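Inspection log for the structure reproduced underneath, given as structure tokens.
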Amino acid sequence: MLVRGTAKHYPAAQPRARPARNAHLSGHRSMNFEARLSHQLDRGLIANYAETRGAHDELLDAAGNVRPHWQPFLDALAKLPAAEQANRADLLNRRVREMGIAHDIFADPAAPGKRWEVDLVPLIIAREEWHRLEKAILQRTRLMNAILADLYGEQRLLRDGLIPSSLLFSDPAFLPPCHGIQPTTGHLQFYAVDLARDLNGSWRIIDNHTETPAGVGYALANRVVHTQVAGDLFEACNSLRLAPFFQSVQAGLAVLTGRRDPRIALLTPGPLHDDYFSHAYLARYLGYLLVEGSDLRMAGDQIFLKTLEGLQRVDLIVRCIDGRQSDPLELDAGRYGGPPGLVQACRKVPQLVRNALGSAVAQNRGLAPYLPAICRKVFGEDLLISDTPRRWLGDAANRRYVIDHLDRMVIRPAQEGTGRPGGAQYGQLGSSLTESQRRTLLDEIELHGEMLVAEERIGFGTTPAFSPRGLVPQPFAVRLFVAGTSDGLSVMPGGLAMAIVPNLAVALSAPEPRTRDVWIITDGEVPPHRSLWQPTIETARVQRSQRVIQSRVADDLFWLGRYAERADWTMRVLRSALQPLRGDNAPAQVESAARACLAALATEEHAPPTQSEMESASPIESMAHHLVASKDGRRTLDDTLDKLYRVANLTRDRLSLEAWRVLSHFRPGADWRRALVDSPPEALLELIEDGLGWLAAFNGLFHENMTRNKGWSFLDMGRRIERAGNMSEAILWLFSEPLPREDEAGRLFYLLEVADSFITYRSRYRLDPMLALVLDLLLLDETNPRSLAYQLANISQHLGTLPQANPSGGLSDERRLILSMLSSIRKFDVEALAKDATRSDLQGALRKQLRLLPQLTTAIERHYFNLLEEQPHRVHTRLEPKP
Amino acid sequence: MMYDVSHRTVYRYSTPVVQSQHIVHMSPRPVDRQRIRGHVLSIEPSPTIRTERIDYFGNRVVLFDIEQEHRELIVHARSTIGVTAPGAIDFSATTPWDEVAHRISSPRAGTDIEVARYACASRHTRTTHDIAAYARKSFPAGRPVLQGAWDLVERIYDDFTFDPTATDISTPVTQVLAQRRGVCQDFSHLALACLRSLRLSARYVSGYILTRPPVGTPRLAGADASHAWISVWSPEYGWVDFDPTNGLTPKDEHITIAYARDYDDVSPIGGILLGGNEHSVHVGVDVIPQG
């Protein structure tokens, strides 16, 4: 039954129920009718809404009337039948899971705490409201930039007592080595604020994010997914699109480099980081290289990317790693998030890294109470939006006050510094502490007050959430994003809204990551859609840098090719062993061939099966199960799929969304994977068929969509090397000794099945399988994509297109090896090999290939993947004077 | 007293180093009571890039990058420095510590950043409940700040055993407190953590100390060593040095190279290597009084 359960995960059809674009503008009579109809449905959608809404609600005003800017959305939603609404809501979250919008990509996106859900109902903000917000947020961005310029410069704000000095000096985000580095366009290229409505409906800032782009990739992904599922609703509301904003973000970054053809990299901590999805998604959307610290190297005070062609200069780094971890030489020793020497490179070129290193200090929560005075002093302006009421506990008077009023307070770290949406920790609620917790907290406040803030809870406004029984009000907060663009600082016309638990939260700490898109209603013309996915002429320039392949990525693609092929082969072996036998063949002989392959594949060293193994009485199903998921086997299908999924994740920014969707079936813990291990033997065949289908789709997507650049060469070489090895091994196992004619026929039949060459053989020879002809087809025929010669010829071709790093002119190791393998196989005489009854010549020839293949892999790895032979490491000295 | 100081560090690597980047704090900064007559820092092999700068704390920093293969690196600092002993300091005439702490931490116009900078815990001087409790014994309410500091330094000298085998570069100060053993860096970090737990300003000083061979034996070349101690701020005397490892206040036998929040800010030499595999390091320090 588990098998059936997986069926619903086959890609579902796109919703087609798209109402005519101008439905609401059609004839008057029908409009009246529709209006009346939608009014009724409307009440259905919000029948029980008013009773449970918060003191301030986005949808309904104080009198309980729908606010006008929500009407178009409600109308459009109400036009969909109730079942269709629920379908859309489900489809939306299925797409989210397929896309893998989760905090930790190796985790099950459906697991508690890892879920990411997008509500069908967005948060809708009216035009006038948006203009006010925009103005306030831009003022704040300027203010944060001014503060950072001062803290990393003159420090007048400290000298004048506008910022308490120990607020800065207790914050490890303040990076003294970066003092004096002043980018001309300010420290911040990216900034985000978390806002909530208090009970009066006033917006309050509950957090600032000045370190990294703070999850803007999630907001973008939410929009993309929502538009796929409910693009008609979006269009009905005349909302602003995101693409123009990101185009100006690209242009703004390009201008900073002062180059026509800049190489811009997005620096991520790597796939194990919670926000990796957001980094990969953003890099992909903007067409930037996604790099990790080990991809970069400093030379001559400049930063270079390690590529297959050698070192190539990087013009700008979009920083998605913590500032402190960016340079093991001058910042946190032992943290290799960025290349050693990055700080020094920034001294030479202050706008090299965006946001500038050390910018996180401005998101210290303790700053909030001091901002109004700073704003007046620096700009002569009042702060347009206040922060949530907050006290910094580095101040002795605040400590005394909070200790006296602990029951009303929530205590939180001042320097938490997480940009992860929903990642903020809960505060400690004074009134809910036990006596001993209370004592510990008071102690902590006394000792480490500088690192804590106390907040009073403000209460939260509500916004509608979708449920199959109509809309329900839900407390919410929203993150809005700012970026430096070609037009100066701009606010992204959208955002990321999240549900919050009002009695605990004072920030965006969401235990249930129910997120929603944010739509800004415009009254003007919405410019036509120009997605960045299809590069326009202006952005094509930027996109081109994707052609550069980091050595690390080439390595990952090579192994992606290998694991995909290994999984494919293992499943083919399994399928041919399990499938009901055809009438015209001796079933016993075919089964014995299957046993030989299953037994050999399941051993770690792929040893040819012993006679006793082949005659063992265990049912073929249990041998198959052993190969799928045996606990002691290293090369089980289960293990190969784990590796495939993992390495695919490492190259995620190069996978298309479709490829990713297909791959999601192979995620450890996915339904199909669990079924594979747990299912009864008779269900295995059907599961294997599913798996082969998805793998074929995955490979096909690569084959059809991947540009034939160097990355492709490595992917394909990985696949070819694996296939060459698998084919050679199988022939070795099946024909290791003289066999009676009947047995040999059964084995030939099985081999042709596994190698997917049965049809080719039949149509070519119209004969029962004969060893010489089969060997010709599977070893020598360079036109058969399954033959050994085909694999070797292709590898040779790929190597010919790769850069030669051997200036002496001699042949590199890998080329020497492939030429020797090719020439040795071209010399095979299949007639003679087949006639030799001892099979020792065949064995010798195959063993030679199997010996050289790993050498070939090593040679390729050494040449291309280890441009620099090892990771940098740190040396210390220690002071040990005599007393 | 005038000194010739030589600080020579030799690294040898088991396989060639492809690239090495280093940051060096071996050039003496100007401080009160100290005159720098001469200084040379030589590096072999010759760096591809060598940069000198003054860091946020006012120390002289040399950054260098060697982009040619090498199996050996020699960094040699030679300085001629004159040191004068401080005048008399009356610890009991200083402001009560609690008033000093209040003055340092309350924001007001005219805040002295030079002082405020050193009042907060840093990576090696994290404060804990136990550290604060240890510190408080030397600082009953109202005690003059330098009297408290001197009491603390004496207690550390009495309570702790010098033991180079007990700690390494990553030993946290809480463990030093628990096991009551360590080296000069550990004792300095502990004293700083104690003082900063009270929100007093105190800084880490990196430098050299004159050592005397046992009577009747000749001075061995390269037998001296780098040293670390602390400096505490009071409104009356500004910064006053204390040496918890030797239980004394430095006169004219301590030579300052750099000071900052803790060891991390001013470690004499730190580097990142590409290649090199295993390395051996030999450090030779000579502090030779002139005439």
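Of everything listed in (1) within 29 Å of A:LEU123 (Cα to Cα); (2) touching a Pro at 6+ places or on another chain (Cβ under 9 Å); (3) at pLDDT 90 or above; (4) crowded, with 17+ Cβ neighbours inside 10 Å, the single unmet condition for A:VAL472 is (4). Are any of the residues in the range A:175-198 surrounded by fewer than 24 Cβ atoms within 10 Å (Cβ to Cβ), within 26 Å of the chain's Cα centre (by Cα) and hydroxyl-bearing (Ser, Thr, Tyr)? Within the range A:175-198, none of the residues are surrounded by fewer than 24 Cβ atoms within 10 Å (Cβ to Cβ), within 26 Å of the chain's Cα centre (by Cα) and hydroxyl-bearing (Ser, Thr, Tyr). Is one or more of the residues making up the range B:242-255 modelled with pLDDT under 90 and either of a type outside the set (S, T, N, Q) or closer than 21 Å to B:MET26 by Cα (or both)? No: zero hits. Report whether or not A:TYR790 is over 30 Å from A:PHE558 (Cβ atoms) and not small (Gly, Ala, Ser). No, not satisfied.
Scanning the range A:646-673 for residues that are basic (Lys, Arg) and at pLDDT below 90, we see that the one that is nearest to A:ALA577 (Cα to Cα) is A:ARG667. Would you confirm, using the coordinates I've provided, whether A:SER820 is assigned by TED's automatic domain parsing to the domain that holds A:ALA724 and modelled with pLDDT under 90? Criteria not met by A:SER820.
One residue alone among B:ALA88, B:ALA93 is exposed (fewer than 13 other Cβ atoms within 10 Å of the Cβ) and either in contact with a helix residue (DSSP H, G or I) (Cβ under 6 Å, 6 or more places away or on another chain) or at pLDDT below 95 (or both), and that residue is B:ALA88. In summary, strands (runs of 3 or more DSSP E) completely within the range B:182-291 and bearing 2 or more residues that are in the same structural domain as B:ILE74 (by TED's automatic domain parsing) occur at B:269-275, B:279-289.
Among residues of the range B:5-17 being surrounded by 19 or more Cβ atoms within 10 Å (Cβ to Cβ) and hydrophobic (A, V, I, L, M, F, W, C), the one that is nearest to the other protein chains (Cβ to nearest Cβ) is B:VAL17.
Go over the candidates B:ARG35, B:ARG78 one by one and state the one that is touching a His at 6+ places or on another chain (Cβ under 9 Å), away from every other protein chain (no Cβ under 11 Å) and among the basic types (Lys, Arg). Before you say what the answer is, go through the steps one by one.
Values: B:ARG35 fails: touching a His at 6+ places or on another chain (Cβ under 9 Å).
Being touching a His at 6+ places or on another chain (Cβ under 9 Å), away from every other protein chain (no Cβ under 11 Å) and among the basic types (Lys, Arg) holds for just one of B:ARG35, B:ARG78, which is B:ARG78.
Scanning the range B:85-107 for residues that are within 13 Å of chain A (Cβ to nearest Cβ) and in contact with an Asp or Glu (Cβ under 9 Å, 6 or more places away or on another chain) yields B:ILE104, B:SER105, B:SER106, B:PRO107. From the list A:PRO807, A:PRO785, A:PRO803, the one residue that fits, being assigned by TED's automatic domain parsing to the domain that holds A:ALA554, surrounded by fewer than 18 Cβ atoms within 10 Å (Cβ to Cβ), at pLDDT 90 or above and closer than 30 Å to A:ILE549 by Cβ, is A:PRO785. Inside the range B:184-214, residues that are farther than 30 Å from A:GLY449 by Cα, touching a strand residue (DSSP E or B) at 6+ places or on another chain (Cβ under 7 Å) and either more than 10 Å from chain A (Cβ to nearest Cβ) or small (Gly, Ala, Ser) (or both) make up a count of 2. Total residues in the range A:275-311 satisfying the condition of being small (Gly, Ala, Ser) and surrounded by fewer than 24 Cβ atoms within 10 Å (Cβ to Cβ): the figure is 5.
Each row is one residue, and each column tells you yes or no for (1) under 17 Å from A:SER551 (Cα atoms); (2) touching a residue at least 40 places away in the same chain (Cβ under 8 Å); (3) not small (Gly, Ala, Ser).
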| site | (1), (2), (3) |
| --- | --- |
| A:SER239 | no, yes, no |
| A:TYR281 | no, yes, yes |
| A:GLY293 | yes, yes, no |
| A:GLN302 | no, yes, yes |
| A:GLU309 | yes, yes, yes |
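Residues in the range A:356-385 that are in contact with a strand residue (DSSP E or B) (Cβ under 6 Å, 6 or more places away or on another chain) and either away from every other protein chain (no Cβ under 12 Å) or among the acidic types (Asp, Glu) (or both): A:GLN363, A:ARG365, A:ALA368, A:ILE385. In the range A:427-454, the qualifying residues are those that are in a helix (DSSP H, G or I) and among the β-branched types (Val, Ile, Thr), and the one that is farthest from B:ALA119 (Cα to Cα) is A:THR440. Restricting to the range B:215-255, name every residue that is more than 14 Å from chain A (Cβ to nearest Cβ) and among the polar types (S, T, N, Q). Within the range B:215-255, B:SER231, B:SER234, B:THR249 meet the criteria. Being surrounded by fewer than 24 Cβ atoms within 10 Å (Cβ to Cβ) and touching a helix residue (DSSP H, G or I) at 6+ places or on another chain (Cβ under 7 Å) is the requirement here; does A:SER248 meet it? No; evaluated as a whole, the condition is false for this residue. Counting only residues that are more than 24 Å from A:TRP116 (Cα to Cα) and at pLDDT below 90, the range A:181-234 holds 3 of them. Do you know which of the residues in the range B:40-54 that are more than 7 Å from chain A (Cβ to nearest Cβ) and in a loop (DSSP other than H, G, I, E, B) is nearest to A:MET298 (Cα to Cα)? Per the criteria, the residue is B:PRO47. When the range B:256-267 is filtered for residues that are β-branched (Val, Ile, Thr) and within 13 Å of another protein chain (Cβ to nearest Cβ), the ones remaining, listed by number, are B:ILE257, B:VAL266. What do you reckon, is A:PRO183 within 14 Å of another protein chain (Cβ to nearest Cβ) and not β-branched (Val, Ile, Thr)? Judged against the criteria, A:PRO183 is not a match.
Only one of B:GLU72, B:GLU67, B:GLU44, B:GLU52 is touching a residue at least 40 places away in the same chain (Cβ under 8 Å) and surrounded by fewer than 15 Cβ atoms within 10 Å (Cβ to Cβ); which? Show your work before the answer.
Details: B:GLU67 fails: surrounded by fewer than 15 Cβ atoms within 10 Å (Cβ to Cβ); B:GLU44 fails: touching a residue at least 40 places away in the same chain (Cβ under 8 Å); B:GLU52 fails: touching a residue at least 40 places away in the same chain (Cβ under 8 Å).
Result: B:GLU72 is the single residue among B:GLU72, B:GLU67, B:GLU44, B:GLU52 that is touching a residue at least 40 places away in the same chain (Cβ under 8 Å) and surrounded by fewer than 15 Cβ atoms within 10 Å (Cβ to Cβ).
Look at the range B:137-165: where a residue is touching a residue at least 40 places away in the same chain (Cβ under 8 Å) and a partner is in a helix (DSSP H, G or I) and polar (S, T, N, Q), sitting 6+ places away or on another chain with Cβ atoms under 8 Å, you get B:PRO144/B:SER92; B:GLN147/B:SER92.
Would you say B:ALA132 is in contact with a Ser or Thr (Cβ under 6 Å, 6 or more places away or on another chain), within 11 Å of chain A (Cβ to nearest Cβ) and crowded, with 20+ Cβ neighbours inside 10 Å? Answer is no for this residue. Among the residues of the range A:736-754, some residue qualifies, meaning at least one is surrounded by 17 or more Cβ atoms within 10 Å (Cβ to Cβ), without any contact (Cβ under 8 Å) to a residue 12 or more places away in the chain and among the aliphatic types (A, V, I, L, M). The helices (runs of 4 or more DSSP H) found entirely in the range B:123-180 that carry 1 or more residues being within 30 Å of B:ALA88 (Cβ to Cβ) are B:129-136, B:145-159.
For the condition within 14 Å of chain B (Cβ to nearest Cβ), assigned to a helix (DSSP H, G or I) and free of Cβ contacts under 8 Å to residues at least 40 places away in the same chain, what is the one hit in A:LEU168, A:LEU158? Reasoning before the result, please.
Values: A:LEU168 fails: free of Cβ contacts under 8 Å to residues at least 40 places away in the same chain.
Of A:LEU168, A:LEU158, the one residue that is within 14 Å of chain B (Cβ to nearest Cβ), assigned to a helix (DSSP H, G or I) and free of Cβ contacts under 8 Å to residues at least 40 places away in the same chain is A:LEU158.
The values are calculated or read from the model by the stated rules, or taken from the named source; none is laboratory data. Please read all numbers here as calculations on a predicted model, not as lab measurements. Quick reminder, even Gly has a Cβ in these numbers, built from the backbone with ideal geometry, and neighbours come from all protein chains shown.
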